[in-house]
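Notes for the one structure printed next.
Computed from the coordinates by the stated procedures, all read-outs in this text should not be read as laboratory data. Predicted, not measured: the structure shown is a model, and the values here were computed from it. Here the Cβ is made from the backbone with ideal geometry for all residues, glycine too, and neighbour counts use every protein chain on show.
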Amino acid sequence: MDFNTEKDVVIKVRNLYKSFGNNKVLIDFNLDLFSGECVAVLGKSGSGKSVLIKCIIGLIKYERGEIKVLGNEISELETDELDKIRAQVGFLFQSNALYDSMTVKENLLFPLRRHKRNLSNIEVNSLVEEALDNVKLPHTANMMPSELSGGMKKRIALARTLILKPKIILYDEPTTGLDPITSREISNLMIEIQEKYKTSSVLISHDINCVKIVADRIVMLIDGTNYKQGLYDELKNSNDIKVTHFFN
């Protein structure tokens, strides 16, 4: 992909600094996400990957720096303005965050009731059916989360993310806890979603196989910084042991 104009940037992070006490997690971190691409942020567990995307969506406040999402500076938004941005940015939580007491359909209805209150029952049911078809689980609407496998829960969580037709999706460790075959299926599904809806996405992961399948570009989050970025093969064949460590 060839991107070189400011209008192509859907997420812009500049000189981001975030610490927890004496623990400096992000140090002058920079990142661009261009329209239609998937950027993977690769780093060790505890390196600050999840903190980064929670800062991007406004779940965590940062001490200094700049984060613009769809042209909006996150730190300057009021609560209602932030909610409007969040409706355009899907967040797939590492834990899936499904409501155990709700059926699959009720879980999918939750974001619609918050952000799309004026839809008719026909429109709502159509969106639920489309979301479940997208993740290849059309028969699960009346099932409870406890009846689903780990891979199915991840798909339903993705369906709930998709139901608002977001412009951007933030994936927080989408394959954690899944077996290799299911992980590959989820990775391929992410590609299908991106191609169908032309979404832009940030993938947070330490699963190198998922990153290889899904990412157009990789950013190495090392020592709190955007240490190096590039294509998969470029980084894998780097002479820098801090980088190649992730590929061995």
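Starting from the alpha-carbon convex hull of the range 172-248, give the projected area averaged over all orientations, in nm².
Working: hull surface 21.7 nm².
Dividing the Cα hull surface by four gives the mean projection, 5.4 nm².
Peptides 236-244, 23-31, 97-105 ranked from most to least packed, by the mean per-residue count of other Cβ atoms within 10 Å: 23-31, 97-105, 236-244. Of all aspartates and glutamates in the structure, those lying under 19 Å Cα to Cα from Lys196, and not within fewer than 8 positions of it along the same chain, are Asp8, Glu37, Glu129, Glu130, Asp133, Glu185, Asp216. With neighbours defined as other Cβ atoms within 10 Å of a residue's Cβ, the residues Tyr171, Tyr62 order from fewest to most as Tyr62, Tyr171.
Apply the a/c threshold of 1.5 to the C-alpha gyration tensor of the range 111-188 and tell me whether it is rounded, prolate or oblate. Write down the numbers at each step before the final one.
Working: a/c = 2.33, a/b = 1.61, b/c = 1.44.
The shape class here is prolate.
Largest mean-square fluctuation among Arg217, Arg86, Arg114, in a Gaussian network model of the chain whose springs join Cα atoms under 10 Å apart, belongs to Arg114.
When Leu235, Leu108 are sorted by how many other C-beta atoms sit within 10 angstrom of their C-beta, beginning with the fewest, the order is Leu235, Leu108.
Where does each of 78-84, 65-71 land if you order them by average Cβ count within 10 Å, highest first? Display every interim value, and only then the final one.
Details: 78-84: 11.3, 65-71: 17.4.
Final packing ranking: 65-71, 78-84.
Assign unit charges at the C-beta atoms only (+1 for Lys and Arg, -1 for Asp and Glu), then state the dipole size of the range 49-205 relative to its Cα centre in Debye, rounded to the nearest 20. All intermediate terms of the calculation are to be shown ahead of the outcome.
Working: 22 positive and 21 negative charges, 18 e Å.
In debye, rounded to 20, the range 49-205 gives about 80.
Over 22 Å, how big is the tail of the calculated P(r) for the range 1-143, in percent of all Cα pairs?
Details: 5301 of 10153 pairs.
Here the long-distance tail beyond 22 Å is 52 percent of all Cα pairs in the range 1-143.
For the residue pairs Lys24/Lys44; Lys198/Lys236; Lys105/Lys153, alpha carbon separations beyond 24 Å are given by Lys198/Lys236.
The DSSP beta bridges internal to the range 125-248 are antiparallel in roughly 50% of cases. For the range 192-233, a crude dipole built from +1 on the beta carbon of Lys and Arg and -1 on the beta carbon of Asp and Glu, taken about the Cα centre, is about 100 debye to the nearest 20.
Going from the residue with the fewest nearby Cβ atoms within 10 Å to the one with the most, Lys44, Lys167 rank Lys44, Lys167. Normalising the average separation of contacting C-alpha pairs (under 8 angstrom, six or more residues apart) by the number of residues puts the relative contact order of the range 122-248 at 17 percent. Specify the residue with the greatest mean-square fluctuation among Asn22, Asn107, Asn209, computed from a Gaussian network of the chain linking alpha-carbon atoms under 10 Å apart. Looking only at Asn22, Asn107, Asn209, the largest GNM fluctuation is found for Asn22.
Taking the longest Cα principal axis of the chain as reference, the axis of helix 121-134 is set at about 50 degrees.
I need to check one value: relative contact order of the chain, counting alpha carbon pairs closer than 8 Å and at least 6 residues apart, in percent.
Values: 426 pairs, mean separation 65.6, N = 248.
Normalised by residue count, the contact order of the chain is 26 percent.
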